[in-house]
Amino acid sequence: MTALFSPLALRSLTLRNRIGVSPMCQYSSQEGFATDWHLVHLGAFATGGAALVFSEATAVTPEGRISPQDLGIWNDAHIPALRRVTDFVRAQGAVAGIQLAHAGRKASTRRPWEGRNAVAPSDGGWSDVMAPSAVPYSMNYPLPRALDSEGIVRVIDAFVSGAQRALAAGFQVAEIHAAHGYLLHEFLSPLSNHRTDEYGGSFANRARLVLQVCNAVRGVWPDSLPVFVRISATDWADGGWDVNESVQLAQQLKAIGIDVIDCSSGGLAAHQHIVVSPGYQVPFAQRIKHDADIVTAAVGLITDAQQAEQIVAQNKADIVLLAREMLRNPHWALHAAHELGVDGPWPVQYERAKLPRENA
Ligand SMILES: Cc1cc2nc3c(=O)[nH]c(=O)nc-3n(C[C@H](O)[C@H](O)[C@H](O)COP(=O)(O)O)c2cc1C
């Protein structure tokens with residue numbers, strides 16, 4: 001047995017291997033509804049042998065969408081179309097995870113292939129963009145309004161309601177998105193959080209909202225199922241959030257019952273300086289795993305079976321999440337199994353295509 005294809009128990013859930021599909025926005029919804037695109041896109045990863053298939057960032061409020069076309073979970077009406085996706089994913093032996101998200105000051109922007117700038121309300125955008133402080137992400141982004149204390153309570157409530165709906169929709173893993181410069185990360189980082197109340201200034205104050213949201217979601221998510229938190233382990237910018245603070249936060253998240261830290265980075269500051277190379281974020285997962293004694297997921301330029309195997313075998317992370325490589329090859333896990341000499345989780349319908357190739 002390889003490390004990559006060994007199962008992982010998280011509370012009463014068992015992942016069939018260590019391979020997950022990282023959340024990836026599809027910008028293909030209207031009014032937040034999942035469509036056939038989501039069924040086919042996410043379903044392919046489940047038939048392709050991944051253990052854990054995450055939905056894209058799924059907005060807990062309409063104004064928390066990155067773009068007008070984001071997936072959403074702010075309304076009970078969103079549940080049935082998502083249920084169709086999770087039923088299919090589970091029927092393939094995979095676990096369906098949802099990333100619960102609020103875009104904060106990076107909301108109301110165009111989808112990437114339309115050029116990332118702010119979308120005007122006259123063009124389907126919205127003016128009610130919020131953040132810890134009234135500081136835009138960049139010149140082309142909306143000017144946010146600083147959340148007041150009622151607004152903060154509404155954000156916490158929205159994550160809780162989103163989690164409850166996610167459960168009703170059949171998801172078994174909830175991931176709270178506190179990375180990539182979106183609302184919760186904006187509270188963590190001193191570069192975007194200039195508040196002088198109990199939500200700004202010290203580490204404890206900047207971490208307060210993330211901990212409150214996670215605690216509240218943990219409170220409604222069943223004890224038998226895990227909750228993940230995605231963080232940006234560093235802002236890659238002077239004066240920003242850093243790895244030491246990430247370790248400290250992970251320790252506190254563990255204490256309130258968070259099961260897994262999904263270790264990404266960046267996205268907060270337009271002037272970030274990232275040095276990218278294969279597996280470049282794995283050291284964050286490794287550091288947090290060992291210093292906070294918590295299960296971690298590594299992500300970022302993991303593309304190769306041997307590379308993924310080494311990450312898990314060398315105890316650098318417990319789970320590998322792949323994004324772009326899964327788009328290139330949704331059956332990546334089946335190919336990785338073959339490369340590592342393991343009998344991968346092929347769907348019975350695909351038995352005759354099993355590697356190594358035989359004569360038909
Ligand atoms: C098309 C696309 C959409 C993405 N959307 C999200 C998202 O919704 N939430 C998130 O946390 N990260 C998102 N990401 C980042 C990925 O989850 C992942 O962290 C990043 O692409 C690095 O992994 P990779 O090198 O395997 O692609 C997205 C990436 C891509 C390529």
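Loop-resident chymotrypsin sites (Phe, Trp or Tyr not before Pro) (DSSP state other than H, G, I, E or B) in region 1-53 with no more than 16 further Cβ atoms inside 10 Å of their Cβ: PHE33. For ARG218, neighbours were defined as the other residues whose beta-carbon sits under 14 Å from its Cβ, and their charges (Lys and Arg +1, Asp and Glu -1) total -1. Of all DSSP bridge pairs formed entirely within the chain, close to 10 percent run antiparallel.
DSSP assigns beta bridges within region 1-118; of those with both partners inside it, close to 30 percent run antiparallel. For LYS254, the lysines whose Cα falls under 21 Å of its own Cα, not counting residues fewer than eight places away in the same chain, are LYS289, LYS316.
Under 5 Å from the amide H of THR58 lie the amide H atoms of GLN99, LEU100, ALA101, each residue being 5 or more positions distant or on a separate chain, with H modelled from the backbone and absent for Pro and chain starts.
Which FRET efficiency value, to the nearest 0.05, is calculated for ASP123 and MET1 with the Förster distance at 51 angstrom and r the Cβ-Cβ distance? Result of the calculation: an efficiency of 0.45. With contacts taken as Cα pairs under 8 Å at a separation of at least 6 residues, the chain carries a relative contact order of 16 percent. Annotation: amide H-H contacts under 5 Å for VAL227 (H modelled 1.01 Å from N, sequence separation of 5 or more, or interchain): ASP259, VAL260.
Assuming 1.002 mPa s and 20 °C, estimate D for region 1-142 with Stokes-Einstein, Rh taken as the Kirkwood radius over Cα pairs, in µm²/s. It diffuses with D of about 132 µm²/s by this estimate. With contacts taken as Cα pairs under 8 Å and at least 6 residues apart, region 1-112 reaches a relative contact order of 30 percent.
In this simple spin-label approximation, THR35 and ASP197 carry label points 7 Å from Cα along the Cα→Cβ vector, and these lie 3.9 nm apart.
Within the listed set ASP242, ASP259, ASP223, the Gaussian network model of the chain (springs between alpha-carbon atoms below 10 Å) gives the highest mean-square fluctuation for ASP223. Each residue of region 298-313 was assigned a 3J(HN,Hα) from its phi angle through the Karplus expression (A = 6.51, B = -1.76, C = 1.60, θ = phi - 60°), giving 9, 8, x, 6, 9, 9, 10, 4, 5, 4, 5, 4, 5, 4, 6, 4 Hz with x at Gly and Pro. Of the solvent-accessible surface of the chain, computed with a 1.4 Å probe and all protein chains present, 51% belongs to carbon and sulfur. With angles folded into 0 to 90 degrees, how steeply does helix 149-168 sit against the dominant principal axis of the chain? Use alpha carbons for both and round to 10. Roughly 20 degrees, rounded to the nearest 10.
Per residue, the accessible area of the chain comes to 39 Å² when a 1.4 Å probe rolls over the protein heavy atoms.
Applying 1/(1 + (r/R0)^6) with R0 = 56 Å to the Cβ-Cβ distance of SER224 and LEU143 gives a FRET efficiency near 0.80. Fully extending the segment from ASN329 to ILE256, taken as 0.36 nm per residue of separation minus the present Cα-Cα distance, adds 22.6 nm. Charge tally around ALA134: other residues with Cβ under 11 Å, Lys/Arg +1 each, Asp/Glu -1 each, net +3.
The values are calculated or read from the model by the stated rules, or taken from the named source; none is laboratory data. Note that the structure is a prediction, hence the values are computed from the model and not measured. All Cβ positions, even for glycine, are placed from backbone atoms using ideal geometry, and neighbour counts span all protein chains on display. Ligands, DNA and RNA are stripped out before the accessible areas are found, and what is left, the full protein with its side chains, is counted by its heavy atoms. Shrake-Rupley method; radii C 1.70, N 1.55, O 1.52, S 1.80 Å.
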